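Participant: Here it is, the structure in full.
The values are calculated or read from the model by the stated rules, or taken from the named source; none is laboratory data. Keep in mind that what you see is a predicted model, and the values were worked out from it rather than measured. Here the Cβ is made from the backbone with ideal geometry for all residues, glycine too, and neighbour counts use every protein chain on show.
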Amino acid sequence: LWGEGSGWYLSSQSRVWTSCRMLYTLLRQSPGFTSQGCVQCWHSWRLGIRRPVKCLRKVLYLTALSHRHFVFTRAPSFADRLAIVDSFGHHTYGQLYSISLSLSRDILRALDCSSGDIAQQRVCFLCPNDASYVVAQWAAWMSGGIGVPLCKSHPAPELEYTLRDCESSLVIVEETFAERVTSIADRLGVKWLVLQSGSLSQEPSPGSTHLHPQLTTTGFPADWKDRGALILYTSGTTGRPKGVLTTHQTLRHQVTSLVELWAWSKDDVILHVLPLHHLHGVLNKLLCPLWVGATCVMLPDFNAQKVWEQLLRTDTSRTPRVNVFMAVPTIYAKLIQFYQKHFTQCHVKDFIHAVCKDKIRLMVSGSAALPQPMLEMWRKLTGHTLLERYGMTEVGMALSNPLHGSRVPGSVGNPLPGVEVRIALEASSRYQPSCTVITESNSDQTRVTPGMEGREGELQVRGASVFQKYWNQAEETKESFTHDGWFKTGDTAVYKNGRYWILGRTSVDIIKSGGYKISALYVERHLLAHPHIADVAVIGVPDVTWGQKVTAVVTVQEGVSLSLGELKGWAREQMAPYSIPSELILVDEIPRNPMGKVNKKDLLKHFFPQPGK
């Protein structure tokens, strides 16, 4: 584009801008590319800080660097920066990298591997929410393995299922869980290693592993990009959990697209309270900050009081102040309940609002639908409109409301950089499947088929962030994609007012009653505005007359009661008549998984068992 040494270069601003746009179009297809470098270089050139060729070199260098690195190989670049703060202390990137490298050698020895590469054998690990998780994850990757995080709340049969299904070669277990896991591993003939979280914060002793200078510059072999990196098991709300295999390249793209869209930087400090066997906790809250050299403050478990203490902490002498927080709706509900019970004085409320508004730059909700009353209450308490987004284990984050600009309650925004989405209606004929595309979008533009504005259909996703396959389930993998390569999410969505809206799981959240298609999530959002309702799950119950009847499973606020007649009377002023529940079931608590999701098939089986099933 510019040839300073060859006697020519484009001096016209318009021509330079055209060339920059061409370069941007080419480079943005790269999973490692972010637009921030281009923007900075463009402004530097306009201000006369750099000549065009130097700007170009910087963008190309940064993109090439991202291509060469994987999540864990960037750590030496931030060696002295604070990576993790947990209950055991402070851990720098350099310390974590050194300990991980040492553990990777233990993995090689345990598996009798002399080549230095265990060639994608599965390494399961069960660790608490602390630095030991990062060490186990990185060590699995450094040894050439595929990491498989286990859930610390799973009972023994579920842990055994995961070890069997992924054909694990080795389990890394933190000492807290050693007794529970090693017996299972021994029974299955799987080797195991035990980690001690408390020892990770100690200074490296003489002769221990230190950063190897060569590793700080070269990274790992480029051909690793297509190798398996991670197997995350689906939450199992629609059946037995499936292992979702993600490659290093796919994982890198999932990370860098979020880093760009949400403007992650090394100055960010995120508070981590989510489970670490699920995409939300692994990708959004751990890998993104570690990619940019930021700090992650990890609590061992969710505790409303401790979360508020971290969000409002004023002492930054040892640990920097938290400025990013992400959680699921269930956690926000518990934080609101704690606030209403303990923060009653006006000056305390004013202090909380001021600190959250001024000191925290981003608050995100995901993994389950966010009720609008909860969003409005959180905005009143903290001044933050929660950023809603949409993602799946199989695709990473696909849709997001903007970091800056308006966020519409209930909407999940538009595609992330490098992600394509569409809403489609599929019909199978005798000879070949057919597909009617209602809407198709990328991060730059949206095309709506004329005459189909506002039509509902299945949300489908395509792009570099989509997973490789379901582990050992070739037929299931094949059925999950369309003939032209789009992943079928199984979620019903609609595009309206320039944004995407998720209506629910096609199988359990779309209720067909009396000729109407009713979104269970729509009904739930409205019912949660009732002053007596604390929690609700709406299900479609088989009915001879209506096909399905709208049934609300409800937990009421403490000290109050609610009848079906009272609910219907209130709902007539709030909801469409056909969406009002015709049956009400009161329960003490609605069962949810660690990410706040309800298994509605289990609810149906529990309250409405089918004869012979």
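This table checks each residue for (1) among the hydrophobic types (A, V, I, L, M, F, W, C); (2) more than 20 Å from Lys225 (Cα to Cα).
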residue: Ser114; (1), (2): no, yes
residue: Ala119; (1), (2): yes, no
residue: Val123; (1), (2): yes, no
residue: Ala140; (1), (2): yes, no
residue: Gly144; (1), (2): no, no
residue: Leu150; (1), (2): yes, yes
residue: Leu163; (1), (2): yes, yes
residue: Cys166; (1), (2): yes, yes
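Participant: Of the residues that sit in the stretch 381-392 and are among the hydroxyl-bearing types (Ser, Thr, Tyr) and buried (at least 21 other Cβ atoms within 10 Å of the Cβ), which one is nearest to Lys341 (Cα to Cα)?
Facilitator: Per the criteria, the residue is Thr382.
Participant: Under 30 Å from Arg122 (Cβ atoms), touching a residue at least 60 places away in the same chain (Cβ under 8 Å), hydroxyl-bearing (Ser, Thr, Tyr) and in contact with a strand residue (DSSP E or B) (Cβ under 7 Å, 6 or more places away or on another chain): does that describe Thr482?
Facilitator: Taking the combined requirement at face value, the residue does not satisfy it.
Participant: Given Val408, Val412, Val364, Val297, which one is touching a residue at least 40 places away in the same chain (Cβ under 8 Å), β-branched (Val, Ile, Thr) and part of a loop (DSSP other than H, G, I, E, B)?
Facilitator: Val408
Participant: Being β-branched (Val, Ile, Thr) and assigned to a loop (DSSP other than H, G, I, E, B) is the requirement here; does Thr545 meet it?
Facilitator: Taking the combined requirement at face value, the residue satisfies it.
Participant: Look through Trp378, Trp308 and report the one residue that is more than 18 Å from the chain's Cα centre (by Cα) and either buried (at least 18 other Cβ atoms within 10 Å of the Cβ) or of a type in the set (Gly, Ala, Ser) (or both).
Facilitator: Sole residue among the options that is more than 18 Å from the chain's Cα centre (by Cα) and either buried (at least 18 other Cβ atoms within 10 Å of the Cβ) or of a type in the set (Gly, Ala, Ser) (or both): Trp378.
Participant: Hey, does the stretch 458-479 have a residue that's surrounded by 20 or more Cβ atoms within 10 Å (Cβ to Cβ), assigned to a strand (DSSP E or B) and more than 20 Å from the chain's Cα centre (by Cα)?
Facilitator: yes
Participant: Take the residues of the stretch 66-91 that are in a strand (DSSP E or B) and either surrounded by fewer than 17 Cβ atoms within 10 Å (Cβ to Cβ) or among the hydrophobic types (A, V, I, L, M, F, W, C) (or both): which is modelled with the lowest pLDDT?
Facilitator: Gly89
Participant: Continuing with this model, one more query. Would you be able to tell me the number of residues in the stretch 563-605 that are without any contact (Cβ under 8 Å) to a residue 40 or more places away in the chain and more than 15 Å from Glu524 (Cβ to Cβ)?
Facilitator: So the count comes out to 15.
Participant: A follow-up question, please. Any residue that is touching a helix residue (DSSP H, G or I) at 6+ places or on another chain (Cβ under 7 Å) and assigned to a loop (DSSP other than H, G, I, E, B) - is there at least one of those in the stretch 244-258?
Facilitator: Taking every residue of the stretch 244-258 in turn, none turns out to be touching a helix residue (DSSP H, G or I) at 6+ places or on another chain (Cβ under 7 Å) and assigned to a loop (DSSP other than H, G, I, E, B).
Participant: Considering the stretch 520-533 alone, what residues qualify as being in contact (Cβ under 8 Å) with a residue 60 or more places away in the chain and outside any helix (DSSP H, G or I)?
Facilitator: If the condition is that a residue be in contact (Cβ under 8 Å) with a residue 60 or more places away in the chain and outside any helix (DSSP H, G or I), then Leu528, Ala529 are the ones that fit.
Participant: Given the conditions (1) assigned to a strand (DSSP E or B); (2) modelled with pLDDT of 90 or more; (3) of a type outside the set (Phe, Trp, Tyr), which single one is not true for Ile511?
Facilitator: (2)
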